[in-house]
Amino acid sequence: MTFDMTRRLVLGALPALAFAGVAGAQTPAMVPSEDPTASLDTWFDLYGRPTAKVMLNGRGPFSFMVDTGSTVTVIAQRHLALLGAPIVGMSTVAGTTGMAETPFARIDTVEAGALKKKALRVAVLPDDGVSNIDGILGADAFAGKRLEFNIPGKSVKILSSRHPMRVAPRSQIRIRNGLLAEIDGKVGQVNAKLMLDTGAQNCIANIKLSQALLNAHPKLVRFNNTQVFGVTGHVMTGQFIALPKVEMRAFSVMDAGAVALDAPIFDLWKLKHEPAMIVGMNLLSRLRSFSIDYGAKAFDAQFLADLIARNSVAFG
């Protein structure tokens, strides 16, 4: 059985299984020369997308998707002339399915809530890749801030971090590579590193996790020849897995799915050799709201059915 998937397509048989990813390499001035690539995984689906209003060079507001799986900010090519944003060079784009070259431009001022950045270098994508939004805010823009996501309202606020504050060990998260929110969790009986990615509509498991699940849960439903299309134009074939219970301590999900893929992005994140999974919005949207505080290294959540009590997530 073969399933062809893009982030613009939602299949009835496999709800919300739509993937595409790119990873953006920033210019040498922004990334150490010994590690020239940074990661970016973008979600272009219209449903449930977390967005924020952004002012660029005093103009706007523009609608930008807020992507915690992105280490670089992206803008649609159509806005460069209006903003007077010059192209400052080319950089390698290493995506989930392959690599490409993309121009980088300089935006003099970027403002969104408590976020204020100057001289931010952003990747430029063709208009057809970001036709329904104006760009993508990556962690290079909101590092050190607190993001608050409202799922029913499909909105996000960018606020000042509550740091310095005392964070209980049970509420801590790790910030991998200085920009990516990571927690420890379990997929069935398998311990795994979980990357919180608001730009991913669904989950992507690495091969180590897929193999561990095969050993621990040999009866899981699997479909081969699941194709994943990247916005770089490359295609990879993986295996859809109907996951066992995914536990993130604060909540658990029984009916999630993921595509197991030997994706380059796990290499970039140095997560190829241990069980790991990108946690997309199919899991995170089970919450009414959640926040990621990069300064305090904390994650907080409120359940859909719980409008009063707030639940501090226990991640170590």
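The values are calculated or read from the model by the stated rules, or taken from the named source; none is laboratory data. Remember, predicted model here, so these are calculated numbers, not experimental data. Reconstructed Cβ throughout: ideal geometry from the backbone, glycine too, with neighbour counts over all protein chains shown. Protein only, heavy atoms only, side chains kept; ligands, DNA and RNA dropped before computing areas. Shrake-Rupley method; radii C 1.70, N 1.55, O 1.52, S 1.80 Å.
Quick look at the numbers
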{"item": "Residue check, M1 in contact with a Phe, Trp or Tyr (Cβ under 8 Å, 6 or more places away or on another chain), closer than 25 Å to A205 by Cα, at pLDDT below 90 and not in a loop (DSSP other than H, G, I, E, B)", "result": "no"}
{"item": "Given (1) in contact with a Gly (Cβ under 6 Å, 6 or more places away or on another chain); (2) modelled with pLDDT of 50 or more; (3) over 18 Å from L179 (Cα atoms), number of the condition T71 does not satisfy", "result": "(3)"}
{"item": "1 or more residues open to solvent by 40 Å² or more (accessible area, probe 1.4 Å) and either among the charged types (D, E, K, R) or at pLDDT below 90 (or both): qualifying strands (runs of 3 or more DSSP E) within the range 177-295", "result": "180-187, 190-196, 222-229, 235-242, 287-293"}
{"item": "Extreme residue, modelled with the lowest pLDDT, among residues of the range 296-316 that are closer than 21 Å to N202 by Cα and surrounded by fewer than 18 Cβ atoms within 10 Å (Cβ to Cβ)", "result": "L304"}
{"item": "Candidate set: the range 116-130, residues that are touching a Phe, Trp or Tyr at 6+ places or on another chain (Cβ under 8 Å) and free of Cβ contacts under 8 Å to residues at least 60 places away in the same chain; chosen: the one nearest to M55 (Cα to Cα)", "result": "V122"}
